[in-house]
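First up is the structure itself, then whatever we jot down about it.
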Amino acid sequence: MRAIATHKTTTLIGSSGSFDSIHDMLEWDLHEDYSSNKIDFNEIILSDFFSLHDKLVASTLKERQFANGLLPMRADMMVISSLEISEVIRATKVSISYFGHHMR
């Protein structure tokens, strides 16, 4: 967190499996295309992320294993990933951009 403050970072850029999963789950839930061929990075709307975060935290492993947009192999770690991302956002007030498999 100190590095974010030192370097005046304003955006958290995600490209890992957790961000792929967040992207895919949001796209599925909202029926909205979160990807674009026009730009390399796409913003994930914070209110959408926190809504999904709340659902993940309240869900059981079994529910996550069958969640739309979430690969079953990511079901066990997704809550921890979401908690870590949430903590970074809340502590630093950064936005989220996503560079994912849809744009490579």
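What follows is calculated from the coordinates using simple rules that are stated; it is not laboratory data. Just so it is clear, the structure is predicted and the values come from calculations on it, not from any experiment. Note: ideal-geometry Cβ built from the backbone for every residue, glycine included; neighbour counts use all protein chains shown.
Under the convention that each Lys and Arg Cβ holds +1 and each Asp and Glu Cβ holds -1, the size of the dipole of segment 2-98 around its Cα centre is about 420 debye. On the beta carbon distance between Met73 and Thr6, with R0 = 35 Å, the FRET formula returns roughly 0.45.
Among 84-91, 47-54, 14-21, sorting by the average number of other beta carbon atoms lying within 10 angstrom of each residue, highest first, gives 14-21, 47-54, 84-91.
Taking each residue as 0.36 nm, the span from Ser59 to Ala91 lengthens on full extension beyond its C-alpha to C-alpha distance by 9.1 nm. How would segment 2-98 be classified by its alpha-carbon gyration tensor: rounded, prolate or oblate, with rounded meaning a/c under 1.5 and the a/b versus b/c comparison settling the rest? Oblate, because a/c is 1.5 or more while a/b does not exceed b/c. What is the set of long-range amide H partners of Ser97 at a cut-off below 5 Å, with H atoms built 1.01 Å from backbone N? It is Leu12, Ile13, Gly14, Ile44, by chain and number.
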